[in-house]
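These notes concern the structure reproduced below.
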Amino acid sequence: MADPSSYRPKPGQIPDSPGVYKFRDEHRRVIYVGKAKNLRQRLANYFQDLAGLHPRTRTMVTTAASVEWTVVSTEVEALQLEYSWIKEFDPRFNVKYRDDKSYPYLAVTLNEEFPRVQVMRGAKKKGVRYFGPYGHAWAIRETVDLMLRVFPVRTCSAGVFKNAERTGRPCLLGYIGKCSAPCVGRVSPEEHRDLAEEFCDFMAGRTGTYIRRLEKDMMQAAEEMEYERAARLRDDAGALKRAMEKSAVVLADATDADLIAVAEDELEAAVQIFHVRGGRVRGQRGWVTDKVEAVDTAGLVEHALQQLYGEETGDSVPKEVLVPALPEDPDAVSQWLAGRRGSQVSLRIPQRGDKKDLMVTVQRNAQQALGLHKTKRASDLTTRSRALEEIAEALGLDTAPLRVECFDISHLQGDDVVASMVVFEDGLARKSEYRRFQIKGFEGQDDVRSMHEVIGRRFKRYLHEKERTGEWEETPAPTGPVPGPSAPTGSAPAPTQPTGSGPASTAPPAPAPAGLAPGEPAPGAEASAAPEGAAVQEEPREDDGRPKRFAYPPQLVVVDGGQPQVAAAKRALDELGIDDIAVCGLAKRLEEVWLPDDDDPVVLPRSSEGLYLLQRIRDEAHRFAITYQRAKRAKRIRSSPLDDVPGLGDTRKQALIKHFGSVKKLRQATIDEICEVPGIGRRTAESVAVAFAAAAPAAPAVNTATGEIIEEDDGGSRT
């Protein structure tokens, strides 16, 4: 715990202009971002007597080790910079609403030649018109099905569209009149785009024009005794009215507005948003967040506005935003919203009439969302807490293991040996911390040796981070050999034992393996997103404020396996001088928990929540490992001798395969025959022949399920 006075700036150093400030911890990670009209006055509030601070603020300033600030010209710039930094650094003490990327939207892809109507989730794309969000995808499909009678816009995928163009036959929707079939030229691109824009106008709330037009055409058709056409127009008008009935009128003046309500208690807050377009509720969404900073309703509203409109532009920001409390600086927020929209935006609290009544409904939804969340979370938290306590008691740990890392080895008969590391914090998977490894220290199948290598590489990276941040202190090396378990051949010798134990005094990294510079990370510890064969990315700079890879130690290491795997993991930690991390293994056969140096396993009851959590963690590690191993195997199988021919690109490879029909026939071809392929010269043909001669034909592969011989037929792939 740091003393805030140790890093408090002198009053004269802090400007009295608008700006954004960052608190960093002792490892230079950004833990809080804030903005202020007057930086000097705002920062002075954090350095008063600790007894006078809110408990959450007190925790933040004692966790921090430094503060820095950036001066901006206006409060609007401060608001935008604060939002950008919160998104970039993900500070632990800032209120963060869970992103609602899972909400489905009705989207019209106006950026395509033939716009398509479809359900979309995830980040919004440029040139696509969105309506919603909706609570369920089926609600979107019901609405679209009704509207396609009147606006027969394309809804098919690119593959179906191209296939219809090729065959000259439209899909089923084209035959039943729910698609104008631009794929076969029934309408021109301009006519189809007009239909898509009319569809968007109707969804945006301009409904009366189209219904009146259909009713007028219906009456005219009836007068001309075209009764079938009149009946069809009658049904079209009815379909549009039914689509409109799905969203009732809530504001009679056809207002475009978003209504935001907040329900909160001491620990959590729920936010609900109703999107009203053309006086009708077109979408609804909500978030729940932990109140990790001292924030009132106005602050929660400001955070919600940043989350809601931080990446929106144009009509996605409505003309009117109704809130239960105005932010601290409503004028700056209004200017920021106006900049996002491109025109004036009204930010206010509804005082009377229909808008106030609707705000009461939104507030009621927020209260119900908070109550439902607390009911679910209470049960979930109780179960997870009991599971962690049972694990701590069974393994003899001093405290519950809040961070657990599990390792698993995967291979296919000794080929493509890989390992996975999954992380669970507070009993929940933290997928951003998952890592995967390639076994590089040896060839063949040896799960015990593989486990030793992976554990060693993971914690060498951890010690490397501690060395960079200066968290360990080296003591003079003792004379004579260092006692401890013997290391296997080729492993690094045990390092000097540091003073004390625990994360703050762990030994420095062991000497690097042969061919690796001192201090350089061990190979193969790539992040899970790193492409196959790519060089290990540089570690983030020490002062960039982002969390470091492999920087956090677990309280418990779980390995998939029994006593041999556990012993290998413990030996790897001992060789690095790490003695404050517990190790256990979970064997699949009888679900026994093995501890180092124990001859008998720990048997947890089958109904134990602790055993169930360990099984979930082990199964997740197995899933992650086998997914990576299968991807590597598939890539290796798809390889071809043609890949080794210098200067031979994909186009000429495909030309060779197309000319000869298969890799088998290409392998049997002479140099003169290869030269007959367009674009292949004699030198390239000789290189191809040499490559196939160097790659001896492998034994035929057999499908173990059917007993069939798998032939090579294209590009070296086995099918």
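The values are calculated or read from the model by the stated rules, or taken from the named source; none is laboratory data. These figures come from a predicted structure and were not determined experimentally. Glycine also receives a Cβ, built like all others from the backbone with ideal geometry; neighbour counts cover every protein chain displayed. Quick note on the areas: whole protein, heavy atoms, side chains included, nothing else; ligands and nucleic acids left out. Shrake-Rupley method; radii C 1.70, N 1.55, O 1.52, S 1.80 Å.
Add +1 for every Lys or Arg and -1 for every Asp or Glu among the other residues with Cβ under 10 Å from the Cβ of Y46, and state the total.
Net charge in that neighbourhood comes out at +3.
What do you get when you divide the Cα radius of gyration of segment 386-455 by 2.2 N^0.38 Å, with N the number of residues?
Values: Rg = 14.9 Å, N = 70, 2.2 N^0.38 = 11.1 Å.
That works out to 1.34 for segment 386-455.
How far is it, in nm, from the label point at E190 to the one at E215 when both lie 7 Å from their Cα along the line to the Cβ?
Here the modelled spin labels are 3.2 nm apart.
In what order, largest first, do C200, C156 sit by accessible area if the probe radius is 1.4 Å? List each step's numbers first, then the result.
Values: C200 5, C156 25 Å².
Highest to lowest solvent-accessible surface, that is C156, C200.
What is the spin-label model distance, in nm, from K124 to A325 if the labels are put 7 Å beyond Cα along the C-beta direction?
2.8 nm
Assuming R0 = 30 Å, what is the FRET efficiency of T70 and R348, from their Cβ-Cβ distance, to the nearest 0.05?
0.45
Which sequence of K431, K653, K658 reflects their accessible areas, 1.4 Å probe, from the largest down? Please list the in-between numbers first.
Values: K431 130, K653 40, K658 175 Å².
I get K658, K431, K653, largest accessible area first.
Check cross-link reach from K431 to the lysines: straight Cα distance under 20 Å, and skip same-chain residues fewer than eight apart.
K87, K96, K101, K548
Carbon-plus-sulfur fraction of the accessible area of segment 160-233, 1.4 Å probe, in percent? Display every interim value, and only then the final one.
Values: 2370 of 4600 Å².
Its accessible area is 52 percent carbon and sulfur atoms.
At 7 Å along the Cα-to-beta-carbon direction for both T670 and K162, put a label point, then send me their distance in nm to one decimal.
3.9 nm
Could you list, in their original order, any pairs among K35/K355; K10/K37; K22/K124 whose Cα atoms are separated by more than 22 Å? Present the calculation step by step, with values, prior to reporting the outcome.
Details: K35/K355 31 Å; K10/K37 19 Å; K22/K124 29 Å.
Result: K35/K355; K22/K124 exceed 22 Å.
For segment 271-420, report the accessible area per residue in Å² (1.4 Å probe, heavy atoms, rounded to an integer). If you can, show how the numbers build up before the last one.
Details: 6520 Å² over 150 residues.
Normalised by residue count, the accessible surface of segment 271-420 is 43 Å².
First compute the accessible area of segment 389-449 with a 1.4 Å probe, then give the percent of it belonging to carbon and sulfur atoms. Before the final figure, lay out the partial values.
Numbers: 1150 of 2910 Å².
Carbon plus sulfur share of accessible area: 39 percent.
For L397 and T651, what is the calculated FRET efficiency with R₀ set at 51 Å and r taken between the beta-carbons, to the nearest 0.05? Don't jump to the answer; show the numbers that get you there.
Values: r = 60 Å, r/R0 = 1.17.
For R0 = 51 Å, the calculated efficiency reads 0.30.
For segment 10-161, what class follows from the C-alpha gyration tensor (a ≥ b ≥ c being the square roots of its eigenvalues): rounded when a/c is under 1.5, otherwise prolate if a/b is larger than b/c, else oblate?
Details: a/c = 3.77, a/b = 2.89, b/c = 1.31.
It is prolate, given that a/c is not under 1.5 and a/b is the larger ratio.
Charges only on Cβ, +1 for Lys and Arg, -1 for Asp and Glu: so what's the dipole of segment 298-390 about the Cα centre, in debye to the nearest 20? Can you show the working numbers first?
Details: 13 positive and 13 negative charges, 81 e Å.
Roughly 380 debye, rounded to the nearest 20.
In the full protein assembly as shown, how much of V603 is accessible to a 1.4 Å probe, in Å² to the nearest 10?
110 Å²
Which value in Å is the Kirkwood Rh of segment 341-443 over different Cα pairs? Can you show the working numbers first?
On the way: mean 1/r = 0.0522 Å⁻¹.
Result for segment 341-443 stands at 19.2 Å.
With all protein chains present, calculate the accessible area of R403 using a 1.4 Å probe and round the result to the nearest 10 Å².
Around 20 Å² of this residue is reachable by solvent.
Order W85, W69 by their accessible area, 1.4 angstrom probe, all chains in place, largest first.
Per-residue accessible area, sorted high to low, gives W69, W85.
In square angstrom, rounded to the nearest 10, how much accessible surface does V360 have for a 1.4 Å probe?
Roughly 70 Å² of V360 is accessible to a 1.4 Å probe.
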